[in-house]
Amino acid sequence: METASRPTRVRRVELSVPGTNEKMITKSAALGADLVFLDLEDSVAPQAKEGARSTIISALNDLDFGRSVRAVRINPVGTLWCHGDIIELVEGAGSRIDVIIIPKVLAPRDVWFVDTLLTELEASLHLPHRIGLEVLIEEAQALSRVEEIAGCSSRLEALILGVGDLSASLGMRLGHIGEQEDRYPGDIWHAARSRLISAARANGLDPIDGPYANFRNGDGYRREASWASAMGCVGKWAIHPSQVDIAHEVFAPTAGEVATAQAAIDAMSAAEAAGAGAANLGGLMIDAATSRIFQGVLDRDALIVKGNQ
């Protein structure tokens, strides 16, 4: 795999917006979501896909998205729209696209196709920046090769657990996308989340939890987001503006967590300076391993603060 530095972005929430809905696109630009992606795939009917490209290009060029990362979800590699999506979007608004999201990836070859096409377009158009990639792990084939996919391209920045299509691909008997029922005793997505998070972290990528379709159930969205955060995800998809603030809150350290983390790091530094290998912080033993956990909290907070500036 080629090596290159990956951009560091805040991804507490990734807001999905249909690429055909100008009103929703305009509203999304002003919401302050960490990442907004304009969709050409599932939310756009086949007969409207080609026309939606021009709507998205106009929005990217004309709207002020503020600090939000600007992304587009293209159609899957192998469909008759994919190459046209990439060429038309990058030629029309390449300097305004930060990330392209590839759905229904099956193997590294799908990522390589998009990577190669982007490389040629960026060179020919003299774009000022390199467009990043995120991929959806939403097919059984992809989940079975997620480690290989995670390490296949230096353009990759994030892996997303696509629980809707993955449910169908695995033959799971579920209802609303992302919502768990009483048929299974526990977190039905634990194994898939764990594998995706491990693959992402091992390759320096951001692990992102998938959508929760029942946007009227804020408590359910918060529960799923909290579980994903505890396991190591840095953010979650949102399919409605009401979910944005919940994700921003869940995936950010609280002021209390930051204060505790800083106190733990300070205590460990003082212990090391005194020649000790561990510290005592209010009855909590701090060693090198727990210090790494607390440092992660501080690093996460610093990234969010920087992204909000």
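The values are calculated or read from the model by the stated rules, or taken from the named source; none is laboratory data. As the structure is a prediction and not an experimental result, all values here were calculated from the model. Heads up, the Cβs are rebuilt from the backbone with ideal geometry, glycines too, and the neighbour counts pull from every protein chain shown. For the accessible areas, the whole protein counts, side chains as well, though only heavy atoms, and no ligand, DNA or RNA atoms are used. Shrake-Rupley method; radii C 1.70, N 1.55, O 1.52, S 1.80 Å.
Between region 243-308 and region 3-74, what's the alpha-carbon centroid distance in Å? Here the answer is 33 Å between Cα centres.
Can you give me the % of accessible surface on region 193-242 that is carbon or sulfur? Probe 1.4 Å, all protein chains present, nothing else counted.
48 percent
Note on region 158-307: Rg/Rh from C-alpha atoms, Kirkwood Rh, equals 1.06.
Given a 1.4 Å probe and heavy atoms of the protein chains only, how would you sort M24, M268, M172, largest accessible area at the top?
So, going from the largest accessible area down, we get M24, M172, M268.
Listed by chain and number, the aspartates and glutamates whose C-alpha is less than 18 Å from the C-alpha of K49, apart from same-chain residues fewer than 8 away, are E22, D39, E41, D85, E88, E91. Solvent-accessible area of D62, all protein chains in place: 120 Å² (probe radius 1.4 Å, heavy atoms, ligands and nucleic acids excluded).
Placing unit charges on each Cβ (+1 for Lys and Arg, -1 for Asp and Glu) gives the chain a dipole about its Cα centre, and among I102, G218, I293 the Cα reaching farthest toward its positive end belongs to G218.
Candidate values [x] 18.9; [y] 13.5; [z] 17.7 were compared with mean projected area of the Cα convex hull in nm² computed on the shown model; the agreeing label is [z]. According to the Kirkwood relation over distinct C-alpha pairs, the hydrodynamic radius of region 1-137 is 15.0 Å.
Measuring only protein heavy atoms, the 1.4 Å probe finds V111 accessible over about 0 Å².
A cut-off under 14 angstrom between Cβ atoms defines the neighbours of M268, and their net charge, with Lys, Arg +1 and Asp, Glu -1, is -2.
Each residue of region 149-154 was assigned a 3J(HN,Hα) from its phi angle through the Karplus expression (A = 6.51, B = -1.76, C = 1.60, θ = phi - 60°), giving 4, 4, x, 8, 8, 6 Hz with x at Gly and Pro. A straight Cα-to-Cα reach below 14 Å connects K306 with the aspartates and glutamates D34, residues fewer than 8 places away in its own chain not being considered. For region 88-226, the solvent-accessible area works out to 41 Å² per residue, with a probe of 1.4 Å and every protein chain left in place. At the listed q of 0.13, 0.15, 0.18 Å⁻¹, the Debye profile of region 1-71, built from one uniform point per Cα, gives log10 I(q)/I(0) equal to -0.41, -0.52, -0.69.
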